[in-house]
Amino acid sequence: MLDRHAVQELVRAEVTARVIGKQLGVSVRTVRRILREPAIGKNAGDEVAREARHIGRPRVTEAVRERVGALLREDPERPPGEISRLLRDEGTPLGLSTVYRVLKDVRSTIPASLQVRFEGVAGEYAQFDFGEVSVRLTDGTRRAVHFAAYRLKYSRWVHVEIVPNERVEALIRSLLASFEASGGVPLRVVFDNPKTVVIRHEQGRPVWNAVLAPVAIDYGFTIELCTPRQPQQKGAVENLVGFVKRSFFRARRFNDLKTDLPDQLTEWLRDVNTVRPSRATKEIPAVRLVAEQARMKGLAVTPIEYGLRVAVTVGPTAMVTYQGIRYAMPAKACGLPATLWLYPDRMRIITAGSKLEATHPRFPADGAVSYLPGQRSAQLASVAGERKRLYFMRERILEIGPVGEGYLTELIHQRPFTWKGDVERLFALLEELGDTHFRTVLQRALFQRLIGADHVVRLASRLTVPGRLGRRRCHDEYDKGYHEEHHQEAAPTPRTVRTAGSGARSRRDAAPAASAHGETAP
């Protein structure tokens, strides 16, 4: 910092401005400007000179500080931008950075409201929240892990579940698993305000998540929410999440997330619940858990048998879509409202009035479409018109996946006049074999460039499908049609045939279509 008093003293000592500037690292113009300023006393420093010349940031008056304090007392959550605008309207134009600086000082002078801490009685309160942490595996990679933390307030008994996400199904499944692990259902469960619990607030009243609300009724607990923008009310919940992160995830290393992490989590939960006393109660949580279990309600339904209720509508193609997977329904259910009962391993869809229903595996073995045995044929029977029936069968083959699309593309281009009969035979074979085995056969035929339903039937006849009693008889019928077709090709016949409603075609193209319908060309 430039010492103006030193500059003036050097000038009195008859040192030239050029030498002073070179010595102090300033320009000659700066030295001459300092010489024009009033003389600085011997004991005075730059601060005195700066104040006399009104240099630097101006001070905020006490009146402005009092006004800012009054605005904060009116609304402690008032944003700084609004305070800056109100002061500007009142004739005090303060910048936003200045308002932040004043707020920091003024808030420290406003006394905080009295905080009331309470302890729950046995079986009264439980706390639940989600957490996310990044863990480093032993191979050096980092993975994000979502977990659900649950704690009984009286006993400090803790349960943690690893969850795939923080959606409502993960919340409910982990909450029910915590009830089962702790041995009962408490009176109240305290949540934050996530969308998985409360959708919104209307006129001060919460609008509950439609999937979670029936769970609270069925298991007999009430939901208690922390007040929005009051972080001190959820301190225990946040401390639980932080405790799990510090004591478990960041204190250990894991080989993998599928086996090693769950094993170590089970060991850690056993340690904190049955070995170590809680810092708050000075007792082992498992000891106090006995008193809680005597007061908590039993589980009305075991978690694995409890179905979540989701309102759905059957689409115009008799399909219900949920989380990217399509589930087939009877054809008469098109357009009807339905209830989807969501279980861990299956889906049960019931239309209004319980007249039509279907139970599917939760996740199809292959692909993202689930059909029950015979559903395709039942839907086909409800389709009127030859063209609609044909394209219905085409779509079912395309739903098999890339293999179905690739094979159908080759079939249409290599047999442009007879692919319709091939599609009918392939659809019948799909219904008879099922998705998995049909996909295997079709993939093998596509790999060997065997295009045509006759080749697929021959490949299918070599597969052994357990539990399919009619497989050999059905395949014999297919093989019979195949041999008849090739026998007709070998016989001396005219080079072209004509069928009703069609033009001249080659014998090779006409034969598969005829055999597919069980007819012979005239």
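The values are calculated or read from the model by the stated rules, or taken from the named source; none is laboratory data. Nothing here was measured: the structure is a model prediction, and the numbers come from that model. All Cβ positions, even for glycine, are placed from backbone atoms using ideal geometry, and neighbour counts span all protein chains on display.
Under the condition of being touching a strand residue (DSSP E or B) at 6+ places or on another chain (Cβ under 7 Å) and under 10 Å from Ile172 (Cα atoms), the residues counted in the range 205-215 number 1. What are the residues in the range 378-390 that are part of a helix (DSSP H, G or I) and surrounded by 14 or more Cβ atoms within 10 Å (Cβ to Cβ), if any? Those that are part of a helix (DSSP H, G or I) and surrounded by 14 or more Cβ atoms within 10 Å (Cβ to Cβ): Ala378, Gln379, Leu380, Arg389, Leu390. Considering (1) touching a residue at least 40 places away in the same chain (Cβ under 8 Å); (2) surrounded by 13 or more Cβ atoms within 10 Å (Cβ to Cβ), the lone condition that Thr92 does not fulfil carries the number (1). The condition of being at pLDDT 90 or above, touching a Phe, Trp or Tyr at 6+ places or on another chain (Cβ under 9 Å) and of a type in the set (D, E, K, R) does not hold for Arg270.
Here is a yes/no grid of residues against (1) assigned to a strand (DSSP E or B); (2) not assigned by TED's automatic domain parsing to the domain that holds Val185; (3) not hydroxyl-bearing (Ser, Thr, Tyr):
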| position | (1), (2), (3) |
| --- | --- |
| Gln293 | no, no, yes |
| Tyr327 | yes, yes, no |
| Arg348 | yes, yes, yes |
| His360 | yes, yes, yes |
| Ala365 | no, yes, yes |
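Taking each residue of the range 314-339 that is under 16 Å from Lys355 (Cα atoms) and looking for partners that are among the acidic types (Asp, Glu) with beta-carbon atoms closer than 9 Å, six or more apart or interchain, yields Met329/Glu357; Pro330/Glu357; Ala333/Glu357; Ala338/Glu357. Taking the range 272-283 as the search range and keeping residues that are surrounded by 12 or more Cβ atoms within 10 Å (Cβ to Cβ) and not hydrophobic (A, V, I, L, M, F, W, C), which one is nearest to the chain's Cα centre (by Cα)? Once the filter is applied, the top-ranked residue is Asn273.
Are any of the residues in the range 195-203 under 24 Å from Arg295 (Cα atoms), surrounded by fewer than 18 Cβ atoms within 10 Å (Cβ to Cβ) and in the same structural domain as Ala291 (by TED's automatic domain parsing)? Checked against the condition, which is being under 24 Å from Arg295 (Cα atoms), surrounded by fewer than 18 Cβ atoms within 10 Å (Cβ to Cβ) and in the same structural domain as Ala291 (by TED's automatic domain parsing), the range 195-203 yields no hits at all. Checking the stated criteria, Pro164 turns out to be of a type outside the set (Asp, Glu), surrounded by fewer than 17 Cβ atoms within 10 Å (Cβ to Cβ) and under 19 Å from the mean Cα position of the chain (by Cα). For the range 288-342, taking the residues that are among the charged types (D, E, K, R) and in contact with a Leu (Cβ under 9 Å, 6 or more places away or on another chain), the one that is surrounded by the most Cβ atoms within 10 Å (Cβ to Cβ) is identified as Glu292. Checking the structure you have, find out if any residue of the range 298-306 is touching a strand residue (DSSP E or B) at 6+ places or on another chain (Cβ under 8 Å) and charged (D, E, K, R). Among the residues of the range 298-306, not one is touching a strand residue (DSSP E or B) at 6+ places or on another chain (Cβ under 8 Å) and charged (D, E, K, R), which makes the answer no.
State whether one or more residues within the range 304-325 are farther than 28 Å from Gly367 by Cα, of a type in the set (Asp, Glu) and outside any loop (DSSP other than H, G, I, E, B).
At the first step, the residues of the range 304-325 found to be farther than 28 Å from Gly367 by Cα are none.
Scanning the range 304-325, I find no residue that is farther than 28 Å from Gly367 by Cα, of a type in the set (Asp, Glu) and outside any loop (DSSP other than H, G, I, E, B), so the answer is no.
Among the strands (runs of 3 or more DSSP E) lying completely within the range 134-204, list those that include at least 2 residues that are under 23 Å from Arg309 (Cβ atoms) and in contact (Cβ under 8 Å) with a residue 60 or more places away in the chain.
Result: 188-191.
Just one of the numbered conditions (1) farther than 30 Å from Glu405 by Cα; (2) of a type outside the set (Asp, Glu); (3) without any contact (Cβ under 8 Å) to a residue 60 or more places away in the chain is not true of Ile349: (1).
Looking at the range 411-439 only, could you name the residues that are within 32 Å of the chain's Cα centre (by Cα) and surrounded by fewer than 18 Cβ atoms within 10 Å (Cβ to Cβ)?
Gly434, Thr436
Here Leu408 clears all of (1) out of contact with any Leu (no Cβ under 8 Å at 6 or more places or on another chain); (2) surrounded by 15 or more Cβ atoms within 10 Å (Cβ to Cβ) except the condition numbered (1).
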